[in-house]
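S.K.: Could you have a look at this structure, given as structure tokens, before my questions?
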Ligand code: XIL
């Protein structure tokens, strides 16, 4: 194959990347050329988050960055997933423990109404709720849950659907990539939302994986399939594969990383309702992993934009 888009097209799926507004606006040609050539789906890495849109006051919205990214994807025929309407991280500073339940509801509603309506009909999907389940498989103890209980989740989907009735609405989370206590809890939550006729159309599995203990193809397939069996779309929404915990030399590490990417894309291939694989960035030059977990090489291209074995894993598995 000549590029990942061609490979993904054959499989009737999309291939996506997180897109950095900062790098895009620096006109880094290598970066931009790869986005245009290799991907037909993008998620803004940061600028779609609530705190990026309303970082000063609850009366001020700033959509300049998001608007310019939407222009870029439209010019290049790339589909877009908004990310993320309700998330406990990177929220505005006025969304904190001092706010009353009533005020918090008003703030969430105003944000969803304005933001989802602004791109109504223009984008493919929205991550409506992100990471609302805790690592202990109970609802995450965020300001949202503390003030509004789990009802805020259903309300966010309902509200987003009114503001933008065409766009697919997703729940998105990490460490739910195989069948485990946390993915069971998400499965129960999503089942309840569906039974309550809440407009939820899919689930995104982030897959921030560690090559030293990543799930098998079968483990990932079985999990994706049980969500698909709820009549939902599923996708791999933020994959990267850390290799620094592996004890071997770099060539061996890169080969194992390649296998892990291959397994994940294979799992998506095994599930008809898996509509996309999105990598959380594509060059090791720019990855959130370095800041969050320490130096690593988790993506598809080296820092100087050479394709790594992981790239060929994706091309192959589609
Ligand atoms: C990360 C970005 O990549 C970083 O630049 C930022 O500092 C923190 O957020 N789960 C998500 C993403 O849903 O939005 C996160 O992105 C990574 C974890």
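S.K.: Out of everything in the stretch 10-27 that is free of Cβ contacts under 8 Å to residues at least 24 places away in the same chain and away from the ligand (no atom under 16 Å from the Cβ), what residue ends up being farthest from residue 307 (Cα to Cα)?
M.R.: 12
S.K.: Within the stretch 79-89, can one find any residue that is without any contact (Cβ under 8 Å) to a residue 60 or more places away in the chain, surrounded by fewer than 16 Cβ atoms within 10 Å (Cβ to Cβ) and either over 24 Å from residue 207 (Cα atoms) or away from the ligand (no atom under 15 Å from the Cβ) (or both)?
M.R.: For the stretch 79-89, residues without any contact (Cβ under 8 Å) to a residue 60 or more places away in the chain, surrounded by fewer than 16 Cβ atoms within 10 Å (Cβ to Cβ) and either over 24 Å from residue 207 (Cα atoms) or away from the ligand (no atom under 15 Å from the Cβ) (or both): absent.
S.K.: In the list 233, 222, which residue meets the criterion of being away from the ligand (no atom under 16 Å from the Cβ) and in contact (Cβ under 8 Å) with a residue 60 or more places away in the chain?
M.R.: Just a single option satisfies the conditions, and that option is 233.
S.K.: Next up: Name the residue, out of 67, 98, 30, that is more than 15 Å from the ligand (Cβ to nearest atom), in a helix (DSSP H, G or I) and without any contact (Cβ under 8 Å) to a residue 24 or more places away in the chain.
M.R.: Only one candidate passes the filter, namely 67.
S.K.: Do you know which residues across the stretch 40-55 are within 16 Å of the ligand (Cβ to nearest atom) and outside any helix (DSSP H, G or I)? Working first, answer last.
M.R.: Within the stretch 40-55, the first condition is being within 16 Å of the ligand (Cβ to nearest atom), and the residues that meet it are 41-53, 55.
Those that are within 16 Å of the ligand (Cβ to nearest atom) and outside any helix (DSSP H, G or I): 41, 42, 43, 44, 45, 46, 47, 48, 49, 55.
S.K.: Report, by residue number, each residue of the stretch 222-238 that is under 14 Å from residue 16 (Cβ atoms) and either in a loop (DSSP other than H, G, I, E, B) or over 15 Å from the mean Cα position of the chain (by Cα) (or both).
M.R.: Once the filter is applied, which keeps residues that are under 14 Å from residue 16 (Cβ atoms) and either in a loop (DSSP other than H, G, I, E, B) or over 15 Å from the mean Cα position of the chain (by Cα) (or both), the stretch 222-238 yields nothing.
Matching residues to (1) at pLDDT 95 or above; (2) in a loop (DSSP other than H, G, I, E, B); (3) on the phi > 0 side of the Ramachandran plot; (4) within 13 Å of the ligand (Cβ to nearest atom):
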residue	(1), (2), (3), (4)
265	yes, no, no, no
286	yes, yes, no, yes
291	yes, no, no, yes
295	yes, yes, no, no
299	yes, yes, no, yes
303	yes, yes, no, no
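S.K.: Only residues that are farther than 19 Å from residue 231 by Cα and either more than 16 Å from the ligand (Cβ to nearest atom) or surrounded by fewer than 19 Cβ atoms within 10 Å (Cβ to Cβ) (or both): list them for the stretch 156-173, please.
M.R.: The answer is 159, 160, 162, 163, 164.
S.K.: Can you name every one of the helices (runs of 4 or more DSSP H) wholly within the stretch 129-195 that holds 2 or more residues which are closer than 24 Å to residue 264 by Cβ?
M.R.: Here the list reads 181-195.
S.K.: In the stretch 196-215, what count of residues is obtained for those that are out of contact with any helix residue (DSSP H, G or I) (no Cβ under 7 Å at 6 or more places or on another chain), crowded, with 20+ Cβ neighbours inside 10 Å and in a loop (DSSP other than H, G, I, E, B)?
M.R.: Matching residues across the stretch 196-215 total 2.
S.K.: Give 176, 106, 123, 153 a once-over and let me know the one that is out of contact with any helix residue (DSSP H, G or I) (no Cβ under 6 Å at 6 or more places or on another chain) and within 16 Å of the ligand (Cβ to nearest atom). Give the derivation first.
M.R.: On the way: 176 fails: out of contact with any helix residue (DSSP H, G or I) (no Cβ under 6 Å at 6 or more places or on another chain); 106 fails: within 16 Å of the ligand (Cβ to nearest atom); 123 fails: within 16 Å of the ligand (Cβ to nearest atom).
Among 176, 106, 123, 153, only 153 is out of contact with any helix residue (DSSP H, G or I) (no Cβ under 6 Å at 6 or more places or on another chain) and within 16 Å of the ligand (Cβ to nearest atom).
The values are calculated or read from the model by the stated rules, or taken from the named source; none is laboratory data. As the structure is a computational prediction, the values presented were derived from the model and not from experiment. We place every Cβ from the backbone using ideal geometry, glycine too, and count neighbours over all the protein chains shown.
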